[in-house]
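Written below as structure tokens is the structure these notes are about.
The values are calculated or read from the model by the stated rules, or taken from the named source; none is laboratory data. Please read these numbers as outputs of a predicted model, since none were measured by experiment. Cβ sites come from the backbone with ideal geometry, for glycine too, and all protein chains shown count toward neighbours.
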Amino acid sequence: MRKYIIAGNWKMNNDLGASKLLITNLLNGLVDKKSTEKRIIVSPSFVNLYPVNEWVKDSVIEVAAQNMHFEQSGAFTGEVSASMLKSIGIKTVIIGHSERRTFFNETDELLAKKVETAIQNELEVIFCFGEQLADRKSENHFNVVEAQLSKALFQLKNSAWNQIVLAYEPVWAIGTGETASPEQAQEMHLFIRNLIAKNYSQELANTISILYGGSMKASNAKELLSNLDVDGGLIGGAALNSEEFLTIYNSI
């Protein structure tokens, strides 16, 4: 049975002190400290991964990296490898975030390499994908999402999917104040689940958690999460506020 997941992507925010304060507030505010039905994840910057992971090691809070390189090592200044993440206890990595695609020109082909490397290194992948506003307006959003998933993930073996969490990001709803309606979110999440069923099996599709990553916040979380195929959220700005982030987590 798939679990609900609330993951907070801190992006390029929070120095060491701010990270410590946020984690302290999260730990103090957590009511459900031993849930087996839902997961809570935070994703700090590379420089804060180790201390944050140490601070939460005796709690239900998990820690994910925001990115990684597809090579195991080498002359790639400024990059971080899967083995480096594993060496400090990180077990999950976000790959394919819309900002990585847009600002760092990460292609589906590059992301496929990253996913393959993560799988080989036994890392869980939160794989992000989603359409731009122009795609939505031209009613090409389903085709865009299918192409992104096909190029990056559908070469994987069935067994690799137990390391995959999906995060649908309607890019037009990130940082714009816009949010996909619960109906739009459910429509796309069901489409995604049906794609997995078509390429693999319905049984496998039913095990995959599909997160919504388009400006979920405390005020809309409960409505979005009430949809059958919305299994959680990849949270941006709201993850930087402990009270709001916990409100979203507690909406499940």
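In region 148-170, the residues that are touching a residue at least 60 places away in the same chain (Cβ under 8 Å) reach residues that are among the polar types (S, T, N, Q) and part of a helix (DSSP H, G or I) with C-beta atoms within less than 8 angstrom, at least six apart or across chains, in these pairs: E169/S98.
Can you tell me which residue is surrounded by the fewest Cβ atoms within 10 Å (Cβ to Cβ) among those in region 158-210 that are of a type in the set (V, I, T) and modelled with pLDDT of 95 or more? Only one residue fits best here, namely T207. Looking across region 211-232, just one residue is touching an Asp or Glu at 6+ places or on another chain (Cβ under 7 Å) and either surrounded by fewer than 19 Cβ atoms within 10 Å (Cβ to Cβ) or without any contact (Cβ under 8 Å) to a residue 12 or more places away in the chain (or both), and that is A218.
Does E131 satisfy the condition of being without any contact (Cβ under 8 Å) to a residue 40 or more places away in the chain and either of a type outside the set (F, W, Y) or surrounded by 19 or more Cβ atoms within 10 Å (Cβ to Cβ) (or both)? Walk me through it before giving the result.
On the way: without any contact (Cβ under 8 Å) to a residue 40 or more places away in the chain: no; either of a type outside the set (F, W, Y) or surrounded by 19 or more Cβ atoms within 10 Å (Cβ to Cβ) (or both): yes.
Judged against the criteria, E131 is not a match.
Looking only at region 1-50, residues that are surrounded by fewer than 15 Cβ atoms within 10 Å (Cβ to Cβ) and either of a type in the set (S, T, Y) or not in a loop (DSSP other than H, G, I, E, B) (or both) come to 9 in all. When region 152-206 is filtered for residues that are closer than 24 Å to F70 by Cβ and among the polar types (S, T, N, Q), the ones remaining, listed by number, are Q155, N158, S159, N162, Q163, N199. For region 114-159, enumerate the residues that are over 30 Å from I88 (Cβ atoms) and of a type in the set (G, A, S). Listed by number, the residues that qualify are A134, S138, A147, S150.
Give me a count of the residues in region 96-118 that are crowded, with 21+ Cβ neighbours inside 10 Å and among the β-branched types (V, I, T).
Residues of region 96-118 crowded, with 21+ Cβ neighbours inside 10 Å: 96-98, 101, 111, 114-115, 117-118.
Retained after the next criterion (residues that are among the β-branched types (V, I, T)): 115, 117.
Here the count works out to 2.
Among the candidates D108, D58, single out the residue that is within 30 Å of K34 (Cβ to Cβ) and either hydroxyl-bearing (S, T, Y) or over 15 Å from the mean Cα position of the chain (by Cα) (or both). Step through it out loud before you land on a result.
Values: D108 fails: within 30 Å of K34 (Cβ to Cβ).
Result: D58 is the single residue among D108, D58 that is within 30 Å of K34 (Cβ to Cβ) and either hydroxyl-bearing (S, T, Y) or over 15 Å from the mean Cα position of the chain (by Cα) (or both).
Yes or no: region 28-49 includes at least one residue that is free of Cβ contacts under 8 Å to residues at least 24 places away in the same chain, farther than 30 Å from K151 by Cα and among the acidic types (D, E). Within region 28-49 (the criterion being free of Cβ contacts under 8 Å to residues at least 24 places away in the same chain, farther than 30 Å from K151 by Cα and among the acidic types (D, E)), the answer is no, since none of the residues qualifies. Of all residues in region 5-18, those that are over 14 Å from Y50 (Cα atoms) have Cβ atoms under 7 Å from Cβ atoms of residues that are outside any helix (DSSP H, G or I) and of a type in the set (D, E), 6 or more apart or on another chain, in I5/D231.
Residues that are surrounded by fewer than 19 Cβ atoms within 10 Å (Cβ to Cβ) and within 17 Å of H97 (Cα to Cα) within region 136-148 comprise V144, E146, A147, listed in sequence order.
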